[in-house]
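Structure record follows, encoded as structure tokens.
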Amino acid sequence: MNEQTPTRERLAAEFEALSPASREERTATLTWYTGAAVRRFDGRGAYEMRFSMDPASIRMSRMASGSAPLLNSHRDFTVDDVIGVIAKAWVENGIGKATVRFSKRAEVDPIWQDVQDGILRNASMGVAIHGIEDVTPKDATLRQVLVTDWEPEEVSLVPIGADPGAGFRFQRATGPQEETMEDTTLIETGTEARSEINVDAERQAAALAERTRIQDLEKVGRAAGLDAKLVAQHVEAGTTADEFRKLALEDLARRSGETPIRSAAAVVTRDEADTRRAGIGAALLYRYDPALFPIRNDLGRDFAGQTLLDLGRECLDAVGTRTRGMARHEIAKLALSTSDFPHILADVANKTLRQAYDAYPRTFLPFSRRRSAVDFKNINSVQLGEAPSLQKVNEKGEFTHGSIAESKETYKLATYGRIVSITRQVIINDDLSAFTRIPAGFGVAAATLESDTVWGIITSNPNMGDGVALFHANHANLLTGAGTALALTGLGSAMAAMAKQKGLDGVTVLNVQPRYVAIPVALQLTAFQLIASNLAPAQSANVVPEYIRALTPIAEPRLDAASTAAWYLFASPDQIDTIEYAYLEGQDGVYIETRQGFDVDGVEIKARLDFGAKAIDWRGMQKNAGS
């Protein structure tokens, strides 16, 4: 059994036969719950709720005390709302029953008379929920919830109850004496009884009609794009399908009249629930960093300055949960389990994470190529060689076949991740940093990991598919010894070596042109001075050549750990492959998932990164030892 903060629910109840003595004393016996499942709605949509009738699951002390109230439509604002008392309550064969006594106040007389006349036929119980379990079967299309710890608190007379089979069970007088009729009811029109109808059959038909009505309302609501909360309100209110269709059409007409018509453009409307969620999210992001996430178009202005607990209460109120009188810890726990609040917090966490992830300087991006991987199997990156050289064809000669060489590099994705928890203590303490600063730190960690991976390939100098190290004399992309320091001479030698690289056929000269010069931060001043074009030289020999000014310097501190003298040239990936990095398809970069906490009392946020990288072609990269 999962412990939950108490929530309030109402379900239909029914009255049984009224005897002459009970009319005199204004007492009646009613059934307040039969174990039926009822349709409910929350932030995730519709679900069915049923209350366990196991005596161990029901806290009967309040109902059995003789002082629990009989209310008018669940109103409990003043003593005038109390129209009677529950004198006795018990559970019999899995059915909850009670004897209620109506007040003899004058204002209650019409209510009592309508009960006797069969006009008021519906009642509803109000309960506090302490523990629930999700009992949805694997093949079910609708969630099913079983309340395993609950407390009935009151019974109310209502116009329409949640249980479609609920209603009064009483008799009509057939003569001077009255008969008790447990299974049948006489329906009269004027002075003539029409027929005797089996109560069970009547109720089964009523239940079927009610299910059909609910399904029709939900179908119309989806077609008209109505808020699920509005649909739920009309389900509870007993609105007929025809009436609801009319209301839906009127709402569509109103929205159409409010929406400006624009040529060649679609206008997206936002319902109340979407607006509230977006507004709360905008207010939290603004509180995190007003410069990065300013409030625009008044979205979120209504929620600006509110605490996390206040915003949680807003979300609970929006789904019809009464929070008046609840303790702070109860509101926090309930907001994290039965409202949109966890989804809003997760969205805010995701945006702060992505902002930090995108802002972190990943210096490898300019010279690397990105791709997507559909799974975690080996990624085979194949390089096709150059087209065979054209040969002269003599008159009446034949064209000869040529071949294209190829090479292959293999790597695969790896998964990285961590979990952070948002507990109810965070909400109570109004600790915004728990789901802004920490997720932002995850974003930085993910970007750091990517940079460590790519630059680690360059500094570790791994073997390529041919069994030779990435930077090696056999690959003609490694210069060592004198003349390789970062200067005009060294640059000239390195650029010439890249230009002389040959294709996979060993013949074709590629003329690879470097675009980027990567240096440790120890050499960044030298590199910028060398490449700068805004200095007026004293001699023409000191003019920086155009081909050198075309280089873009990239200062990377990870290179310093390997060598403060070595530097590198990289070609543009548009000309030739260099480093290739990959994400799982559809999840580019760091990704967030959330779930209701199982090990913790709150929400768990998981940051996950599926990433891999590999050097694909050594001919687009040149290393210079610098000494």
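Where a number appears in this text, it was derived from the coordinates with a stated rule and is not lab data. Since we're looking at a predicted model, the values are computed, not measured. Here Cβ is always computed from backbone atoms with ideal geometry, including for glycine, and neighbour counts include all displayed protein chains.
Spin-label model, ASN474 to ARG105: label points 7 Å out along the Cα-to-beta-carbon direction sit 9.8 nm apart.
By the count of neighbouring beta-carbon atoms within 10 Å, fewest first, GLU398, GLU133, GLU585, GLU556 end up ordered GLU398, GLU585, GLU133, GLU556. Longer than 23 Å from Cα to Cα, which of LYS412/LYS500; LYS138/LYS412; LYS219/LYS351; LYS502/LYS623; LYS351/LYS606 are they? Say none if no pair is. Where the Cα-Cα span goes over 23 Å, the pairs concerned are LYS412/LYS500; LYS138/LYS412; LYS219/LYS351.
Annotation note: chymotrypsin sites (Phe, Trp or Tyr not before Pro) in segment 44-100 located in DSSP loop regions with a Cβ neighbour count of at most 15 within 10 Å are PHE77.
For segment 37-112, the alpha carbon convex hull comes to 140 Å³ per residue, rounded to a whole number. Going by neighbour counts of Cβ atoms within 10 Å, the residues TYR416, TYR33, TYR568 line up, fewest first, as TYR416, TYR568, TYR33. Net charge in the neighbourhood of MET63 (other residues with Cβ under 13 Å of its Cβ; Lys, Arg +1, Asp, Glu -1) is +1.
Taking a Cβ cut-off of under 11 Å around ARG354, the surrounding Lys, Arg, Asp and Glu residues balance to a net charge of -2, with basic ones at +1 and acidic ones at -1. For ASP109, what is the net charge nearby, where nearby means another residue's Cβ is under 13 Å from its Cβ and Lys, Arg count +1, Asp, Glu -1? My count for the surroundings of ASP109 gives +1.
One chain, two ends: SER460 and ILE531. Fully extended at 0.36 nm per residue, the span grows by 22.8 nm beyond their Cα-Cα distance. Neighbour counts of C-beta atoms inside 10 Å place LYS500, LYS377, LYS333, LYS396 in the sequence LYS396, LYS377, LYS500, LYS333, starting with the fewest.
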